[in-house]
Amino acid sequence: MILTKFSPTRLLGIAFAFLQRFQQRRIRTFSILFAVGLGLTLALSACSPSASNNSGTPQTASSTPAASGTTVRIGYQKASTVLYALKARGELEKAFAASGSSVTWSEFPAGPPLLEALNAGSIDFGYTGESPPIFAQAAGIPLVYVAYDPWSPKAEAILVPKDSPIKNVAELKGKKVAFAKGSNANYLLVKALEKAGVQYSDIQRVTLTPADARAVFERKNVDAWAVWDPYLAAAEAATGARTLADATGLAPNHGYYLAAKSFVDANPDALKIVLDGVKKVSDWAKNNPSEVAKFLSPTLGIDAPVLEIAEKRREYDVLPLTDEVITKQQEVADTFYKIKLIPKEIKVKEIVWQSKVNNS
């Protein structure tokens, strides 16, 4: 069989790249397309060793009762600090054990396949950047925003090589710019160009995953690269890349905790236990950037000092969505509709959980 010639990681890359190319024209078949990436992701996760406990992560517990026998299925990405640390510590399992409930974890390479797994009923809860839930809502996936993470506008930027003659965003007109299609960085690029008076159609768009974009950026096969931390910090450290613009004043660069609507409706107490655990780990990460960097370094393959730079310029918290946050997310959705990345207008507020995050 031809597929056996490739590693699971390579298969993931092929599937995800394929899906990105068809996302704009075939958004209505989102579920079918991302099922390919999902199947490969789950196969890879099944072969991966579980993360070891780390004494630097905080203790989490909750007195909120959960329905007896509930299994909470959480999707995570290794670069998603809070959920990865929560999994590694295992304290969420302890919080649920008293009621006879349990937790399972599935790893994903990016937000879109994670949300497809939520659509397929494979997970109940996860975390992504601001763009994937917009595509998911446009595709009819029944998800709910349950909290947001402020992240930081400094944690994403448009880079050029250190010796590039390009001095500002306006000079990107006609140039090749790499970015992950439908990502937070995609939105940053659109808004930065808009501010500089350049049409999105006036640049040569090169849509690549961060790993592939890093390679072409270093070979100078593209003129600029829009990317987020920790890939941003790693590129700056390794290549001396210059920042043309970060997201300050251009894009909110928020992260979102999302859940299946069916799970929220059936298990509100279980959701509150999860959010309580997420909040405690988030507080630890906010106050311990050096420890977070050391914790993530072996997993991400990025030196701890580089990760510490990224950690010090990002924010952490677990907050209920305010009208202001919903409005900002709606602006992202409207922008993606305007440039035809999604096929229809959506209303973000229609899928925002009405309860408040339990910060006690």
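A few remarks follow.
- A crude spin-label estimate for the pair THR243 and ASN287, with each label 7 Å from Cα along the Cβ direction, gives 2.7 nm.
- Mean-position separation - Cα centroids, the stretch 144-202 and the stretch 82-131, in angstrom: 29 Å
- Computed from the C-beta positions of ASP212 and ALA120 and an R0 of 30 Å, the FRET efficiency is 0.70 to the nearest 0.05.
- Pairwise label distance in nanometres, GLU324 with LYS312, each label 7 Å out on the Cα-Cβ vector: 2.7 nm
- Local net charge near ARG219, Cβ-Cβ under 15 Å (Lys/Arg +1, Asp/Glu -1): 0
- For the stretch 177-282, accessible area per residue (1.4 Å probe, heavy atoms of protein chains only), Å²: 34 Å²
- For the stretch 182-275: rounded, prolate or oblate by the Cα gyration tensor [a/c cutoff 1.5]: prolate
- Estimated FRET transfer efficiency when R0 is 35 angstrom, pair TYR337-ALA98 (beta carbons, to 0.05): 0.15
- Multiplying the residue separation of SER201 and LYS176 by 0.36 nm and removing their Cα-Cα distance gives an extension gain of 7.9 nm.
- Take the Cα of LYS162, step 7 Å toward its Cβ, do the same at THR299, and the gap between the two points is 3.1 nm.
The values are calculated or read from the model by the stated rules, or taken from the named source; none is laboratory data. Predicted model only: the values in this text are computed from it and were never measured. Cβ atoms come from the backbone with ideal geometry, glycine included; neighbour counts cover every protein chain shown. Please note that ligands, DNA and RNA were not included when accessible areas were found on the heavy atoms of the full protein model with its side chains. Shrake-Rupley method; radii C 1.70, N 1.55, O 1.52, S 1.80 Å.
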